[in-house]
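For reference, the structure is listed below as structure tokens.
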Amino acid sequence: MGIKKVMVIGAGQMGSGIAQVCAQSGYEVLLNDMNEEALNKGLKNIEKLLTRAVDKERITSEDKENTLSRLTGSTDLSDASDCDLVIEAVVENMDVKTDVFRKLDEITPAHAILASNTSSLPITEIAAATNRPEQVIGMHFMNPVPVMKLVEIIRGLQTSDQTYESIKEMTNQLSKTPVEVNDYPGFVSNRILMPMINEAIYTVYEGVATPEDVDTVMKLGMNHPMGPLTLADFIGLDTCLYIMEVLYEGFGDSKYRPCPLLRKYVKAGWLGKKSGRGFYVYE
Ligand code: CAA
Ligand code: NAD
């Protein structure tokens with residue numbers, strides 16, 4: 001059965017981006033968040049980005065209206081009862097994700113695929129919370145979703161070939177490039193990216209250089225589009241810490257220990273751009 005109707009859970013920076021690209025590619029989309037304020041913020045952001053795309057003459061105003069007509073907000077998980085695919089993009093926490101997947105397993109039709117946008121958590125463990133592990137898969141979009149071309153597709157231990165093929169095909173429909181990876185902590189993307197960000201934080205923690213100078217070195221010296229500390233603020237420092245904890249615990253290797261400065265900032269509520277303060281201050 002083809003994928004027509006999709007629920008995206010979590011209307012934060014990732015969920016809203018995923019909902020936008022799905023609706024722009026012709027899917028009927030429900031964007032769900034348990035927090036109504038977060039949902040409205042996510043929907044508003046999509047409208048803002050579409051308006052900007054019209055202003056830049058990348059889409060027509062008719063495209064914009066058609067996209068918005070395919071997009072509906074939801075605060076009730078049971079709205080997923082007629083969805084063919086659910087993409088979960090809630091906080092990077094195993095207990096919260098397994099709770100969502102357990103509920104989805106009861107709510108969604110038997111044919112539905114349940115995907116997670118997790119950055120690092122084991123798909124196999126998320127799948128074990130359901131009675132359909134062969135229909136559970138990782139669909140890891142990159143931030144900002146409307147711009148970044150990659151989707152890392154993670155096969156859990158029991159993910160079926162059919163589920164993998166459906167998600168690979170949908171990723172192509174979204175005009176993104178799928179890369180298949182196996183289920184190990186941090187997959188490929190964050191196993192490589194996050195230790196670099198963590199090391200950049202250690203560099204500041206140890207007084208080697210200021211955040212500005214660390215970022216300048218990596219931008220001008222390595223041609224990265226954003227320095228690692230700007231990128232950490234952009235991703236969210238809470239998400240960075242959760243990912244480092246998954247790597248540290250998953251591999252049991254001290255090279256992945258999260259920097260104490262990262263822990264301190266998260267404890268202070270300095271979560272980066274989304275909270276107004278991280279390594280930098282945002283208006
Ligand atoms: N949402 C949607 N579109 C955005 C955006 C956002 N948050 N930010 C920028 N854009 C768009 C802009 O609209 C612009 O498009 P147009 O020119 O067509 O209008 C385009 O991106 C370029 O933006 P700017 O010119 O303003 O800025 P830029 O050239 O510096 O590019 C960037 C911005 C694309 C974000 C670039 O800085 C970049 O590639 N940064 C690195 C991003 C990255 O590494 N992402 C991966 C993060 S890790 C991850 O996602 C995995 C994980 O699990 C943590
Ligand atoms: P975010 O904090 O911006 O948004 C999370 C949203 O989920 C919030 O709006 C919150 O209200 C909602 N939520 C939490 N629990 C919920 C529940 N039980 N039901 C419905 N909604 C719920 O987070 P984000 O940055 O969008 O990250 C979301 C996921 O995507 C995480 O797993 C993260 O690791 C992953 N991810 C993040 C990035 C990134 O750069 N930030 C990139 C790729 C993947």
Mean accessible surface per residue for the chain, computed with a 1.4 Å probe while every protein chain stays in place, in Å²: 49 Å²
Of L241, G207, V54, which is farthest towards the positive pole of the chain's charge dipole, taken about the Cα centre with +1 and -1 on the beta-carbons of Lys, Arg and Asp, Glu respectively? G207
Given a Förster distance of 25 Å, report the FRET efficiency between E47 and L150 from their Cβ-Cβ distance, rounded to the nearest 0.05. 0.50
Computing the accessible area with a 1.4 Å probe over protein heavy atoms, can you report the carbon and sulfur percentage for region 65-198? 49 percent
Please say if region 214-273 is rounded, prolate or oblate, where rounded means a/c under 1.5 for a ≥ b ≥ c the square roots of the C-alpha gyration tensor eigenvalues, and otherwise the choice is prolate for a/b larger than b/c and oblate otherwise? oblate
For the chain, just the Cα atoms, rotate onto the principal axes and tell me the three extents in Å, largest first. 56, 46, 32
Which GluC sites (Glu not before Pro) in region 142-227 pass both tests, a DSSP loop state and at most 15 other beta-carbon atoms within 10 Å? E206
Karplus (6.51, -1.76, 1.60) ³J(HN,Hα), θ = phi - 60°, over region 206-213, in Hz, Gly and Pro reported as x: 8, x, 5, 7, 6, x, 4, 6
Gain in span if fully extended, L220 to V54, counting 0.36 nm per residue against the direct Cα distance: 56.5 nm
What size of dipole, in debye to the nearest 20, comes out for the chain about its Cα centre when the only charges are +1 on Lys and Arg C-beta atoms and -1 on Asp and Glu C-beta atoms? 540 debye
Distance in Å, no decimals, from the C-alpha centre of region 185-209 to the one of region 83-123 is 28 Å
Quote to one decimal, in nm, the extra length available between D82 and L261 on full extension: 0.36 nm per residue of separation minus the C-alpha distance between them. 59.9 nm
Just how many pairs of Lys in region 1-78 have C-alpha atoms closer than 14 Å, counting pairs that are eight or more places apart or on different chains? 4
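The values are calculated or read from the model by the stated rules, or taken from the named source; none is laboratory data. Just so we're clear, the structure is a prediction, and the values are computed from it rather than from any experiment. As a convention, Cβ positions derive from the backbone with ideal geometry for all residues, glycine included, and neighbour counts pool all protein chains shown. Each accessible area value is taken on the protein alone, full model and side chains, heavy atoms only, with ligands, DNA and RNA left out. Shrake-Rupley method; radii C 1.70, N 1.55, O 1.52, S 1.80 Å.
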